[in-house]
1. Roughly how big is the range 171-323's charge dipole about its Cα centre, with Cβ charges of +1 (Lys, Arg) and -1 (Asp, Glu), in debye to the nearest 20?
2. Quick one: of LYS288/LYS371; LYS298/LYS485; LYS30/LYS213; LYS298/LYS426; LYS46/LYS361; LYS47/LYS183, which pairs are farther than 27 Å apart, Cα to Cα?
3. Can you list the lysines whose alpha carbon is less than 24 Å from that of LYS66, not counting same-chain residues fewer than 8 positions off?
4. For the range 148-231, which GluC sites (Glu not before Pro) are in a loop by DSSP, counting at most 16 other Cβ atoms within 10 Å?
5. Enumerate the lysines that LYS445 could reach by cross-link, defined here as Cα to Cα under 16 Å, with residues fewer than 8 away along the same chain left out.
6. Picking from GLY404, ILE81, THR472, whose Cα lies most toward the positive end of the charge dipole for the chain (charges on Cβ: Lys, Arg +1; Asp, Glu -1)?
7. Taking loop as defined by DSSP and a crowding limit of 14 other beta carbons within 10 Å, which trypsin sites (Lys or Arg not before Pro) in the range 1-84 fit?
8. Quick one: putting +1 on the C-beta of Lys and Arg, -1 on the C-beta of Asp and Glu, what dipole do you get for the range 407-502 around its Cα centre, in Debye to the nearest 20?
Amino acid sequence: MCQMSKDAILILDFGSQYTQLIARRIREHKVYSKILPYNTSISEIKKLKPKGIILSGGPASVYDKKVPHGDSHIFKLNIPILAICYGMQWMVYALGGNVVQADKHEYGRTSIEILDSSKLFRSIKNKFFVWMSHGDYITEIPADFEVTAQTSNTPVASIANKAKNLYGVQFHPEVTHTNYGKKIIENYLHNVCNCTANWNMKSFIESSCENIKKTVGKEKILCALSGGVDSSTAAALAHKAIGDQLICMFIDNGLLRKNELERVIEIFQKNFHINLDYVDAKNRFLEKLNNVVDPEEKRKIIGNEFIAVFEEEASKLGNIKFLAQGTLYPDVIESVSIKGPSATIKTHHNVGGLPSTMKLKLIEPLRDLFKDEVRLLAKELGLPDEIVWQHPFPGPGLAVRIIGAITEERLDILRESDYIVQEEIKNYKLYRNIWQSFAVLLPVKTVGVMGDKRTYEYVIGLRAVHSHDGMTADWVKLPYEILDKIANRIINEVMGANRVVYDITSKPPGTIEWE
Ligand code: XMP
């Protein structure tokens, strides 16, 4: 991102799962922010000249051994501070107050009462709900501080030393579950730090381009382009930064949607004039997938084959040092949690799975962004709406939408059916309101009758879901008229399918893809 020039907020990360969310909230108010570790030196902080510092929450208790303690000189810098959850407890501890370990943790939605509505709590109600997540609580506040909010379990839910512009909140204003959370952050930025709202996606593009140019110099960047919004945006951004030094590679694995290759060539080669290396690897993938039924096995084969093709092709391109990827912040979180104790439900295959032995240095310009921010960025970069707003499409493609063995015949039937689903959802102007809509091919045949003739063909499942992030989803109550239209068209236009069913399972318990 950009240098800490004017009006930037520094976020010191004490290990909260919400740290990036704080940065995102600040961006929403058009202010630039930078996240650094909690132990960033005072001299470094001074060099950055932030207009405000936010101390994030964190999983620790100030009394645990090996807990993150910042440098308490930070409170003497004359820079306004907002300390959140653990950050507030550490501030209290560092400034001579007292924090005690509680028997019970306070977790979840809690009603709060504001005792002082100046600056931080300006223009919000006196009582509202906030999101709490803490074990320790404060029994004694430091000298020159006052308590500015309380809850029934937490007498010190918020504190302030207004003369020194030091503020602390026990709850998390950055999460959407906290009413007025956005307003509290806005108040901090504008009433406490006097920031000007002068950051936007244009500034993001400028600073990202500068960074990419500086990192890459005269070298080349390779980018695996899938045509999805993330890799397309990363490619468009890298292209803006270094033009012809960018080479995009599009691998046709034979599991793509109808017209996908043509679309990618049209947009990226013809309109953006990006160097595009198209690799036809259909046969390689389909041979490896022959008779494979197990979904995880399919995913592994596709992942490994992708890496093999990518490496072979990359080596043909000569000495390339950098690889650009459209990794987003939720992908970063997901890969972290994959290392944790939670069970693997599905092995997601992205380019992120490329082996470390590749020796290509990673460029991940979207790493701090969330999906909706990437869409804004894509728009700003001039990508067409069909890329900006397109539904997610899984890395292993149609392979996870054919249940059982994959054959060319089944791929053709699914491709045509899926095309009709997309067309009708768009015709009925529902595409933008839905997270995903697609067809699935079931490996069973049922009897039908068409024009007095008996048919014995495949079943097509329809899936349409609403979701914010793909983690949970609700099935879409599509009007009967649309279902009727789609079913009719599939049965009449697609050879090999004679029955259509609609999936009314939410996630959980179902997943979005059938596999
Ligand atoms: P599930 O099926 O796990 O899907 O409920 C959640 C979301 O993730 C997408 N998905 C993938 N995306 N690579 C991707 O980039 C994958 O391997 C993959 N598998 C599932 C899925 O389409 C849905 O939006």
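We did not get these values from a lab; they are worked out from the coordinates using the rules stated. Here the structure is a predicted model, which is why all the values come from computation and not from measurement. Cβ atoms come from the backbone with ideal geometry, glycine included; neighbour counts cover every protein chain shown.
1. Values: 20 positive and 21 negative charges, 77 e Å.
With only Lys, Arg, Asp and Glu charged at Cβ, the dipole is about 360 debye.
2. On the way: LYS288/LYS371 33 Å; LYS298/LYS485 32 Å; LYS30/LYS213 24 Å; LYS298/LYS426 30 Å; LYS46/LYS361 31 Å; LYS47/LYS183 29 Å.
Correct reply: LYS288/LYS371; LYS298/LYS485; LYS298/LYS426; LYS46/LYS361; LYS47/LYS183.
3. Cross-link targets: LYS104, LYS339.
4. Details: sites: GLU174, GLU186, GLU206, GLU210, GLU219; in loops: GLU174, GLU219.
For GluC sites (Glu not before Pro) across the range 148-231 that sit outside H, G, I, E and B with at most 16 neighbouring Cβ atoms in 10 Å, the list reads GLU219.
5. Within the straight-line cut-off, LYS445 pairs with LYS453.
6. ILE81
7. On the way: sites: LYS6, ARG24, ARG25, ARG27, LYS30, LYS34, LYS46, LYS47, LYS51, LYS65, LYS66, LYS76; in loops: LYS6, LYS30, LYS51, LYS65, LYS66.
Those satisfying the criteria are LYS6, LYS65, LYS66.
8. Values: 13 positive and 14 negative charges, 38 e Å.
Roughly 180 debye for the range 407-502.
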